[in-house]
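The structure appears below as C-alpha cells.
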Amino acid sequence: MVRAFCLVASFVPFSLALAPFAAAQDIPGSSPQRTTEAGGHFDRGATLYMEGDYAAALIEFKRAYEASPTWQVLFNIGQCYFQLHDYANALVTLRRFETEGKGRIGAEDQATLDAELPDLASRVAKITISSNLVGASISVDEKLIGVTPLHDPVLVSVGLRKITATREGRAPVQQQLAVGAGDSLVVRLDFEPVDVPREPPRAPSVGLTDRPAAQSPNHFPAYVSFLLGAGGVTVGTIFGSLAIGDKSSLDRVCTSGGACPTSADNTIQALARDGTISTVGFGVGLAAFTAGVVFWLAARSSPATTARVRVGPGWVAGRF
C-alpha cells in the first residue's frame, strides 16, 4: 500500500495544492469564491497531512471537496482514511476517485491503482444489519451509517467493530463483533418491548336486578348450637340416671316419713348433686337446641336479603 498512497505526489502535489481547482470553473455552480475557499482548505489539509495529523487533514480535504467537488481531492481523502485505518471508507473513496477520474488518470498511475486496490479490498468485510423496529439509527464505531431498514450490507474494516442501534424512547441495543477479512456477517439488533401501562381497575358499582344473588346459607352457628344441645342432653341424661339410682337407694333405707339413718348422708348429698347437674344439663341442651333452630332458619332466609343485587362486570354484590 505504500506505493498506492504515494500517488498523491503524482496526482495532487502538495507544492501545487491549488492545481486540482484550476478546472473547477467548469463545474456547474462553481464560482471563483468557492474555488478559492476550496483551495484554502486543501492547502491546510496538505500541511496537516505532512505533519501526521491525519484526522484534521481529512476534515480539511472533505471541506475542500464540498466547496468545489474536484475528483482529484478524493485521492487525498482516501489516503487520510487509510492512515486512520478506516479501510472501508478508504476503499470506497479511492474507487470513487478511479471512477470519476476515468480517462484522465495517467496509465502508470492507473496501473498502480489496479495493483494496490485489491490489497485494500482484503482489509474489509460486509455486515448485514437489521432490527425489529423501522426508523432506528444504526452506527458503526459511533459513526452513523443509516436508518433501518438497511437494504444493502454495510462495508466495514477488519478488527473489533461496535454496532449500535438507537431510537428515541428506547434503550440502545449494541453488539461488538470481531470482523475478519472477507467476512459476511449478519447482525440483528432487536429492541426490548415497551411495557404498556395497564389501565387501573375501575371502582366497583352496585346495580339492581330482579334476580336474587346466589348465596350459600351459613349453617355453622346452627351446627355448633345443635352440638352443644346434644352435649347438654347427654349430661342431663347421665346425671339424671345417677339421681334416680340415688333415690332408689334412699327409699330402701329411709322410712316413709323421710327419716334416714346417718349412714345415708353421702347418698343424700349425691342425690342433690346429681339432680342439680341433670337439671342444668337438660336446661342447657334445650336452650342450645332452640338457638340452633333459630340460626338454621336465619341462615336459610339470608339469600332473600340480597335479592335484587346484580353481580357482573363492573358490579359487586351488596346488602340493602
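The values are calculated or read from the model by the stated rules, or taken from the named source; none is laboratory data. Here the structure is a predicted model, which is why all the values come from computation and not from measurement. Counting neighbours? That spans all protein chains shown, and the Cβs are built from the backbone with ideal geometry, glycine included.
Things worth noting here:
- No other residue among Ile129, Ile105 is surrounded by 14 or more Cβ atoms within 10 Å (Cβ to Cβ) and more than 19 Å from Asn76 (Cα to Cα) apart from Ile129.
Condition check ((1) modelled with pLDDT of 95 or more; (2) over 21 Å from Gln83 (Cα atoms); (3) surrounded by fewer than 16 Cβ atoms within 10 Å (Cβ to Cβ); (4) not aliphatic (A, V, I, L, M)) across all residues:
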| position | (1), (2), (3), (4) |
| --- | --- |
| Gln25 | no, yes, yes, yes |
| Ser31 | no, yes, yes, yes |
| Glu37 | no, yes, no, yes |
| Arg44 | yes, no, no, yes |
| Leu48 | yes, no, no, no |
| Tyr54 | yes, no, no, yes |
| Ala57 | yes, no, no, no |
| Phe61 | yes, no, no, yes |
| Ala67 | no, yes, no, no |
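- Matching option when the condition is part of a helix (DSSP H, G or I) and surrounded by 21 or more Cβ atoms within 10 Å (Cβ to Cβ), among Ala111, Ala90: Ala90
- Summed over the range 69-87, the residues that are part of a helix (DSSP H, G or I) and either crowded, with 20+ Cβ neighbours inside 10 Å or among the basic types (Lys, Arg) (or both) give a count of 11.
- The range 146-166, residues that are over 27 Å from the mean Cα position of the chain (by Cα) and not in a loop (DSSP other than H, G, I, E, B): Val154, Leu155, Val156, Ser157, Gly159, Leu160
- Answer from Val140, Val124, Val156, Val134 - the residue that is surrounded by fewer than 13 Cβ atoms within 10 Å (Cβ to Cβ) and of a type in the set (Val, Ile, Thr): Val134
Residue-wise test of (1) surrounded by 14 or more Cβ atoms within 10 Å (Cβ to Cβ); (2) at pLDDT below 80.
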{"position": "Thr234", "(1), (2)": "no, no"}
{"position": "Phe239", "(1), (2)": "yes, no"}
{"position": "Thr255", "(1), (2)": "no, yes"}
{"position": "Thr267", "(1), (2)": "yes, no"}
{"position": "Asp274", "(1), (2)": "yes, no"}
{"position": "Ser278", "(1), (2)": "yes, no"}
